[in-house]
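The values are calculated or read from the model by the stated rules, or taken from the named source; none is laboratory data. Every value quoted in this text rests on a predicted model; they were computed, and no experiment measured them. Quick reminder, even Gly has a Cβ in these numbers, built from the backbone with ideal geometry, and neighbours come from all protein chains shown.
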Amino acid sequence: MRRKWMIAATAVLLAAGLTAGCSGGGSSAGTTAEAKQEGPGNGEEAPSSYEADLLAQIREAGVIRIGTEGTYSPNSYHDESGALVGFDVEVAEKVAEKLGVRAEFVESRWDSLFAGLDSGRIDIVVNEVEASEERKEKYDFSEPYTYIHGALLVAADNDEIQSLEDLEGKRAAQNLTSSWGQMAESRGAELVGVESMNQSVELILTGRADVTLNAETAFYDFMKSQPDQPVKIAGMTDSTTSSVIPVRKGNESLVSAINAALDEIRESGELAELSVKYFGQDITEQ
């Protein structure tokens, strides 16, 4: 009797083991599906299946998540009604439209935008991003959609700073991780950290900084909205920088789709129209 009971028990255990094995496979498949749907998070590296199918996932979900600051006029800011507007915002919306999906904006400080891209919380960043050599190690980029000179903003009575060569030993109010801040530091400037144009100007006017280096378009917009501020553009860089859209490496199909969308709005004249609308000039041609 005991032998029969042991045989029966063994059969039950074997069956349970086989069932557990099937459950394990089902659980793993469920986790993969969940990762594809939600994307990686919590600082984990994106699974290869997620990376390879990102464009397909975006189209299946019907939405592309776009990282932007929301505090950088005229590229990405809030108007008087509180709506998110700006050149980069409208460019991103048109790209999303060409992809056949809805644009969903995720606002974040500049320092956090690429962390969101790394974790999969956002799919792309549209916020006057430059393709620096350091960023090229981690991301692929769209073709350029703007060409912008750098400019030096100083107090109206400051005649010491007129070019990048004059930054040696000066205090520059900069976002510490921006390409403009890195450029100022490479020319010998001591960086003073800020998060907005208004903070930069405040530091200059109170004597806590001597200069700020940024895109010419940002200064044009600031001086248009606050013409009474005693500041001036002291000089321009000879070279231009280009705005591009970064994507996590391994998503060539998404990059190609974004490039096709940019080509369409450039050829239709929409890109140039947006540039004139927000900057007063066409900065979309090299």
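Listed values, structure above:
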| quantity | calculated |
| --- | --- |
| Among residues of the range 221-278, those that are within 19 Å of the chain's Cα centre (by Cα) and without any contact (Cβ under 8 Å) to a residue 24 or more places away in the chain, counted | 1 |
| The range 264-281, residues that are under 19 Å from SER73 (Cβ atoms) and outside any helix (DSSP H, G or I) | GLY280, GLN281 |
| Total residues in the range 123-157, condition free of Cβ contacts under 8 Å to residues at least 60 places away in the same chain and among the acidic types (Asp, Glu) | 3 |
| Within the range 216-239, tally of residues that are buried (at least 17 other Cβ atoms within 10 Å of the Cβ) and assigned to a strand (DSSP E or B) | 4 |
| Search result, residues across the range 204-215 that are surrounded by fewer than 21 Cβ atoms within 10 Å (Cβ to Cβ) and touching a strand residue (DSSP E or B) at 6+ places or on another chain (Cβ under 9 Å) | LEU205, GLY207, ARG208 |
| Single condition ARG102 does not satisfy, out of (1) farther than 25 Å from MET236 by Cβ; (2) buried (at least 17 other Cβ atoms within 10 Å of the Cβ) | (2) |
| Within the range 202-217, considering residues that are of a type in the set (Val, Ile, Thr) and closer than 17 Å to ALA151 by Cα, the one modelled with the lowest pLDDT | THR217 |
| Number of the exception - SER242 against (1) crowded, with 22+ Cβ neighbours inside 10 Å; (2) touching a strand residue (DSSP E or B) at 6+ places or on another chain (Cβ under 7 Å) | (1) |
| Check on SER108, of a type outside the set (D, E, K, R), farther than 20 Å from SER275 by Cα and crowded, with 18+ Cβ neighbours inside 10 Å | yes |
| Some residue of the range 192-201 being surrounded by 18 or more Cβ atoms within 10 Å (Cβ to Cβ), more than 30 Å from ASP123 (Cβ to Cβ), of a type outside the set (Gly, Ala, Ser) and free of Cβ contacts under 8 Å to residues at least 24 places away in the same chain | yes |
